[in-house]
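Structure first, commentary second.
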Amino acid sequence: MKESCGERTYRRGASTVEFIVILPLFILLSLVVWQLIITGMAVVDAQAAVRDAVKVASLTGNEEKAKEQGESSFGGDYKDYKLKMKVKVESLSEMAYATAKIEIPVIFMDSVPFTYETKGEAPLLRTGTGSIGGGAPEFLDTEGGVLGPPLKVMYINSDYGPRWGAFHGGWDLKGAEGTPMFAAEGGKVIRAGASNGYGTLIIIHHEELNLYTWYAHSWQRDILVKVGDKVERGEQISSVGNNGKSTGPHLHWEVRYGGVPGTHTNPRPYLDSDVVN
Ligand SMILES: [Zn+2]
């Protein structure tokens, strides 16, 4: 009896020790697991928000609508973590970007949340037959005016003017990769090389006209001029490429005045021999 009584006491002592050690460990472990679950859900929700926002931005070009979609995909206010969502539609590079940033509260720490940020991007989708913004490309029958045509055959995929809620500061001219690209007028090359968004950018200064012409999206290997070169009207300077944030081979061409970067203007009158002289 004594022995078994002693044994029972010993057991009771052991289970108390186990209880004291294991219970807090168990609670701590539960909290860690719960924190991981919250963080995991927040990450998944943020990724869904970005994915859906980019999809809407890519289809509609509308930043507001895209942001609304992202926030609604993220879900309601009951969540412990808060969302900051940004959507940007860039008409120049024809890309849509979305960023979701969330702050995830750390259990027992009010002031120091985790932050998690996720980003997504997608090209703005073309609608219609190869035209950005709908409709068939416009064929421009021109031999040039003040400026010569930068491509031999001129199809305007996307006109100068408002587009995607922003402003398209030039023309997108249709052309297969490798199609020769010509200087629109004699002048001096003031830029020829890599440029964000444009892929590559060639700028020619036509001093007598106080104009600049910009040529974007060439492949570096196709560029035939360098800064400082004097070029003639109609001289080949490069070829059509698909470099930079471009959704297909084309020449993004701008006419600007008033210095670099200058103010872009509608290229149309400059190519019309009847209008401008
Ligand atoms: Zn363009």
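The values are calculated or read from the model by the stated rules, or taken from the named source; none is laboratory data. Since the model is a prediction, treat every value here as computed from it, not as a measurement. FYI the Cβ positions are ideal-geometry reconstructions off the backbone, even for glycines, and counts take in every protein chain you see. Accessible surface areas use protein heavy atoms only, side chains included; no ligands, DNA or RNA. Shrake-Rupley method; radii C 1.70, N 1.55, O 1.52, S 1.80 Å.
Report the calculated FRET efficiency for residue 59 and residue 16 (r = Cβ-Cβ distance, R0 = 41 Å), to the nearest 0.05.
So the FRET efficiency works out to roughly 0.05.
Would you list the P(r) distribution for the stretch 138-271, with all Cα-Cα distances sorted into 10 Å bins from 0 and each bin expressed as a whole %?
Here the calculated profile for the stretch 138-271 is 14, 50, 34, 2.
Please give every one of the aspartates and glutamates within straight-line cross-link reach of residue 230, meaning a C-alpha to C-alpha distance under 17 Å, and leave out same-chain neighbours fewer than 8 residues apart.
Reachable aspartates and glutamates: 185, 207, 208.
I want to check the label-to-label distance for residue 27 and residue 106. Put each point 7 Å from Cα in the C-beta direction and report it in nm to one decimal.
Each label point is offset 7 Å from its Cα along the Cβ direction, giving 2.0 nm.
Which is the longest stretch in the chain that no exposed loop site breaks, taking sites as trypsin sites (Lys or Arg not before Pro) with a DSSP loop state and at most 13 other Cβ atoms within 10 Å?
1-151
Setting aside same-chain residues fewer than 8 positions from residue 174, which lysines have a Cα under 19 Å from its Cα?
Output for residue 174: 152, 245.
Kindly state, to the nearest 0.05, the FRET efficiency for residue 114 paired with residue 177, given R0 = 41 Å and r defined as their beta-carbon distance.
Efficiency, rounded to the nearest 0.05: 0.35.
Can you tell me which aspartates and glutamates have their Cα less than 19 Å from the Cα of residue 55? Leave out same-chain residues fewer than eight positions away.
45, 63, 64, 68, 71, 90, 94, 117, 121
For the chain, find the longest principal axis of its Cα atoms and tell me its angle to the long axis of helix 2-60, 0 to 90°, nearest 10.
Result, in degrees: 20.
Quick one: angle between helix 63-74 and the longest Cα principal axis of the chain, in degrees between 0 and 90, rounded to 10, please.
That works out to roughly 20 degrees.
Please tell me the relative contact order of the stretch 138-271 in percent, rounded to the nearest whole number, where contacts are Cα pairs under 8 Å and at least six residues apart. Mind showing how you got there, number by number?
Details: 353 pairs, mean separation 38.3, N = 134.
Worked out over the stretch 138-271, it gives 29 percent.
For the stretch 138-271, with all protein chains present and a 1.4 Å probe, just round the carbon and sulfur fraction of the accessible area to a whole percent. Could you put the intermediate results ahead of the total?
Values: 2810 of 5790 Å².
Its accessible area is 49 percent carbon and sulfur atoms.
How large is the dipole of the stretch 138-271 about the Cα centre if only Lys and Arg carry +1 and Asp and Glu carry -1, each at its Cβ, rounded to the nearest 20 debye?
360 debye
Just the number please: accessible area per residue for the chain, 1.4 Å probe, all protein chains included, in Å².
The answer is 55 Å² per residue.
What Kirkwood hydrodynamic radius, in Å, does the chain give when the mean of 1/r is taken over all pairs of distinct Cα atoms and then inverted?
Hydrodynamic radius (Kirkwood, Cα pairs) of the chain is 22.6 Å.
Three principal axis extents, largest first, for the C-alpha atoms of the stretch 12-101, in Å?
The Cα atoms of the stretch 12-101 stretch 75, 24, 15 Å along the principal axes, largest first.
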